[in-house]
Each structure stands twice: as structure tokens, then as C-alpha cells.
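Chemist: Encoded as C-alpha cells, here's the structure I'll be asking about.
The values are calculated or read from the model by the stated rules, or taken from the named source; none is laboratory data. Computed from a predicted model, the values in this text were never measured in an experiment. Every residue, glycine as well, gets a Cβ built from its backbone with ideal geometry; the counts of neighbours run over all protein chains shown. The accessibility values were calculated without ligands, DNA or RNA, using every heavy atom of the protein model including side chains. Shrake-Rupley method; radii C 1.70, N 1.55, O 1.52, S 1.80 Å.
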Amino acid sequence: MGEDVFHIIDSFFSEHNLDWKSCTHLCTDGAASMIGRVKGLLAQIKKVNPDVEWNHCIIHREALASKRMSPELHNVLNDGVKVINFIESRPLNHRLFESLCHDSGTDHQQLLLHTDVRWLSRGKTLQRLFELRDEVSAFLSEHSHPLVAVFEDTNWVARLAYLADVFSKLNNLNLTLQGKGTHILNMYDKACGFMKKIKLWERKCEDGDISCFQQLDTYLSTYISVEKFHTLNSNLESLARQPTELAKLHKWTDLKKLEHKDNLIPQTWNERPLPYGTMQNSSFALLTMFGSTYMSEQAFSHLNHIKKLKSEHPNNRQELKMAAAEAWQSISNDYTNSLVSSMGHRLHAVIASMGYATKY
């Protein structure tokens, strides 16, 4: 094979009066037909020009390096390829899946086949599989495919998101290495820059920051958020049952120690991940709104009561202002905290009485 390639190139050189001495460098992949010591293309060229230098294609070298991955990630890639082949390599399955995606209103209606020949294949393939994972899971479930279980596994889907992010970054690197205007120094700088980025991403991940992997970060944030609200719902249901259960057992002291359910909602929103900061702030703004002027009116009533206890009544505006300030300072924090903590009970009482008078 190497000899055949050399003869073709040598015929071209002879036809155009080109000298092999003018060829200073040769860039190929690492295949035996290219760099074989006996019959490889490089060996044939060195026979006519011993000074020629050989360089391994940077793009091929990067593609080869990206194939090395842990067994867990390799299994995820293999499972993903099996799922794609099951859907896309069979015409009937392809049409049924396309119809399912069309009915679901997805941006894409088909998966992409994976091939090792094209450098950008894996990145785009995994990206599309991750985007259509819900539709793929539904399709596999309808056909009772054994790999439907992997799409219900959070760790597997998280690894799929990670691979999609990593190979997407590799795709971007590959695209910058291609083109007519590139030279070896430029390509080397980009490859070294990418290696420095890997070190940066590694440090950020060690610190618990995975924002550099967008799809993985979004998936984990969404999954954690959904789990938190499921937990909140379970806790609220448990709190709703506990008073009845404790009352049946006549555990009146434990009944008073129960956590109030109104505390769980702000706590859940407070634990939302950083990407949902806007939603978190909007939720806090809504939760901290005053539903009525009750606390203000109670505070002023208490203020008025303290003022009436004084033996000397104010005779002018200045004395009234000083008396009000003195009375305000005498209100304890325990009293204001009791007003805040009782607000939830009072609102529930108003709702239960359909707006009519309550015991408060």
C-alpha cells in the first residue's frame, strides 16, 4: 500500500519536474502503510530523500487520544451506539421513532449514526442521543428493549451528558485545527491551549463546580431539583399525618414539638442550585410578601397598649413622638417573632373560614 502511494506521488513529481530534495517534511497518520520501516510511504521517500522529516497528523493524534476512556464511560458509549443502531439501522424503527419525535414536537426527529471514520461523529451522535433521551426511552419501552433500563439510571444518563459535553469540546478543537490557513505552530498552540483548559476543568470539578460541562450541569441541577421537590412533598405528607398519629397515642408534648410545614417550603427553595438563581429569587420574593397588614396592626395595638400604661399622657406632638419611640423600643424580640411565626396559622384560619371571623 505504501509503495503504491509512493509510485503515484513519484509519477506526479516526474510529470511536473519536481525534485524530491525539495520535500522537507511529510505529515501522515500513524498507519503502517504510511510509516512502515520497509514498505511504508515514509521508508520509500527516505530512499530518494534521506533528510525528509516526518510529523504525525495533529488532528489524527488528538482523535486517537480521545479514544482512551475509562471502562464506565466506554460502556456508556457502547450502549449508546447499540441503541442508535437499533433505531436507525432498521427502516421501520426509523420511521416509527421519527413519528414519535414529530408528535412530541422535538427540535430533531432522528438520531445520528456513529462511525469511527469521521472525527466529528461521536460528538454529534452523543449530543443528539442526549437531547432525545426521553423519546428514546419511550420508544425502547414500547419495544421492550433491555437497554431501556439505562435511561432510567441517573448515573448512566449523567455519564452520557458528560461524554456529550467532552466530545462537543473536542469537536470544536477539531474544527479549529482544520482549514487551509493553518500551520503547525498555530495548531500546536491550540492543542496545548486545550490541554491547559483540561487542567482548569479538572480543578473546577475537584472544587465541585461542573459549570464547564453545560449539559451535565443542567441535567444534575434539574434532577436534584426534582428530587428535592419530591422530598418536600413526602415531608409535607408526613407532617400532615403526624398530628393525627401522635394524638391517637396521646403524645401531646411531642405534638407541640412538630416542625411547622411552612418552614419546609423556604428551606427547599433555599437549596436550589446556582443555575436557578432567578427562579429562587422570584420564589423568595413571593414567599416574603405580606398577605395582610395584620402584623403591623398588632404591633401598633401593642404599642398603644404600652403607651396607655404610662401614668403621664403626652400633651403635644413632640411628647407623643417620644412616647411612641420609647414604647417601640420596649417591644421585645420574642413578641415580634411570635407575630411572624403565627402568621401562617392565621392565614390558614382565614382560608378555612372562607374570609369570615376567626379565633384570632
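Chemist: Taking segment 14-26, which residues are closer than 24 Å to Ile184 by Cα and either open to solvent by 70 Å² or more (accessible area, probe 1.4 Å) or in a helix (DSSP H, G or I) (or both)?
Modeler: As a first pass, look at segment 14-26 and keep what is closer than 24 Å to Ile184 by Cα: 18-26.
The answer is Leu18, Asp19, Trp20, Lys21, Ser22, Thr24, His25.
Chemist: Okay, next question. Take Lys180 and tell me if it is at pLDDT 80 or above and either closer than 22 Å to Ser221 by Cα or open to solvent by 30 Å² or more (accessible area, probe 1.4 Å) (or both). Before the answer, list the steps.
Modeler: Values: at pLDDT 80 or above: no; either closer than 22 Å to Ser221 by Cα or open to solvent by 30 Å² or more (accessible area, probe 1.4 Å) (or both): yes.
Judged against the criteria, Lys180 is not a match.
Chemist: Pick from segment 186-233 the residues that are among the hydroxyl-bearing types (Ser, Thr, Tyr) and modelled with pLDDT of 80 or more: which of them is farthest from the chain's Cα centre (by Cα)?
Modeler: Ranking the candidates gives Tyr188 first.
Chemist: For Leu170, which of the numbered conditions (1) open to solvent by 30 Å² or more (accessible area, probe 1.4 Å); (2) closer than 30 Å to His56 by Cα; (3) touching a residue at least 60 places away in the same chain (Cβ under 8 Å) fails to hold?
Modeler: Tallying (1) open to solvent by 30 Å² or more (accessible area, probe 1.4 Å); (2) closer than 30 Å to His56 by Cα; (3) touching a residue at least 60 places away in the same chain (Cβ under 8 Å), Leu170 fails exactly one: (1).
Chemist: Which of the following residues is of a type in the set (Gly, Ala, Ser), under 24 Å from His74 (Cα atoms) and under 16 Å from the mean Cα position of the chain (by Cα): Ser141, Ser168?
Modeler: Result of the check over Ser141, Ser168: Ser168.
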